[in-house]
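For reference, the structure is listed below as structure tokens.
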Amino acid sequence: MQQLWTDIDNYINAHLIPTDPKLQHALDNTDIQGLSNHLAVAPNQGMFLQMLIQMNRCKRVLELGTFAAYSTIWLAQALPADGYLLTVEGREAHARIAQQNIDFANMPMHIELKLGRGVEVMQQLIADSTEAFDFIFIDADKQSYPAYFELSLQLARSGTIIVLDNVIRAGAILDPNNHKPSITGIRDAFSALKDHPKLLSCTALQTVGSKGHDGFAIAIVK
């Protein structure tokens, strides 16, 4: 099935996803630096995230988990020239490559990369009374998803969209014998999302494609 999923993704990308030198450079540079670009979102997923930002006319975006900035560039491209994107990465090697890819993209909106633990950076943003974000993309260490979600609510406004990536993990969330921190973190995130009083609506979507079997959870702040 994996080959079929990949072939269909390639068909979608060939027909609907424009070629972009900035994005291709990010993938190529990631490979050259010895990191697997399999950790990046798929192109059609990147376009999906970009469209969410465009549909809601977002101007301020927070991304947790930069990796090599492939998704960062997708998110930033949806912003107006006076938009702002803050992306947070915990690994220095990843942040170094990400900054290279951001610099090469040379986009007009302000893209800021912070090196540090996501929870600590978010707590500092809250302490500094940072202006609310319109869109928050969570794609970092899965065991911290519940904490990221709760902190995101403090950095959001009414109407803010919160997207959590990689929440299906090929169905591993259903295995009662799987107690990996990444899996228990996702399960706890689902529990946190369920009937949360600060959410207007919330759902999750399974995805299959070149990145395998996974999915997004999407929430709108009340």
Original post:
Counting only protein heavy atoms, what percent of the accessible surface of the chain is carbon or sulfur at a 1.4 Å probe?
Top reply: 54
Original post:
Accessible area, 1.4 Å probe, largest first: how do Ile126, Ile32, Ile53 sort?
Top reply: Ile32, Ile126, Ile53
Original post:
Considering only the other residues whose Cβ falls under 9 Å of the Cβ of Gly118, what net charge follows from Lys and Arg at +1 and Asp and Glu at -1?
Top reply: -2
Subject >> Relative contact order of region 37-139, defined on C-alpha pairs under 8 angstrom at six or more residues apart (%) >> reply: 33
Original post:
Order of 60-72, 77-89 by packing, highest average Cβ count within 10 Å first?
Top reply: 60-72, 77-89
Original post:
In a GNM of the chain with a 10 Å cut-off on Cα contacts, which of Gln154, Gln124, Gln54 has the highest mean-square fluctuation?
Top reply: Gln124
Subject >> nm² value of the averaged projected area, convex hull over the Cα atoms of the chain >> reply: 12.1
**OP:** In Å³ and rounded to a whole number, note down the convex hull volume per residue for the Cα atoms of region 158-205.
**Re:** 83
**OP:** Report the FRET efficiency, 1/(1 + (r/R0)^6), for Thr6 and Asp103, where r is their Cβ-Cβ distance and R0 is 30 Å, rounded to 0.05.
**Re:** 0.45
Original post:
Which peptide among 170-180, 95-105 comes first, and what is the full order, when sorted by highest mean count of other Cβ atoms within 10 Å?
Top reply: 95-105, 170-180
Original post:
Suppose every K and R has +1 on its Cβ and every D and E has -1 on its Cβ; what is the size of the dipole of the chain about the Cα centre, in Debye to the nearest 20?
Top reply: 440
Original post:
What does the charge count near His213 come to, summing +1 for each Lys or Arg and -1 for each Asp or Glu among other residues with Cβ under 14 Å from its Cβ?
Top reply: -2
Subject >> Antiparallel bridge percentage (DSSP; both residues within the chain; nearest 5) >> reply: 45
Original post:
Relative contact order, percent, of the chain when contacts are C-alpha pairs under 8 Å separated by at least 6 residues?
Top reply: 19
**OP:** Once you have the Cα-Cα distance between Asp28 and Leu205, take 0.36 nm times their residue separation minus that, and quote the gain in nm to one decimal.
**Re:** 60.8 nm
Original post:
Looking at the square roots a ≥ b ≥ c of the eigenvalues of the Cα gyration tensor of region 123-165, which shape do they give, rounded for a/c under 1.5, prolate if a/b is larger than b/c, or oblate?
Top reply: oblate
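The values are calculated or read from the model by the stated rules, or taken from the named source; none is laboratory data. Just so you know, these numbers come straight off a predicted model, no measurement behind them. Please note: Cβ atoms are built from the backbone with ideal geometry, for glycine as well, and neighbour counts cover all protein chains shown. Heavy atoms of the whole protein, side chains included, go into the accessibility calculation; ligands, DNA and RNA do not. Shrake-Rupley method; radii C 1.70, N 1.55, O 1.52, S 1.80 Å.
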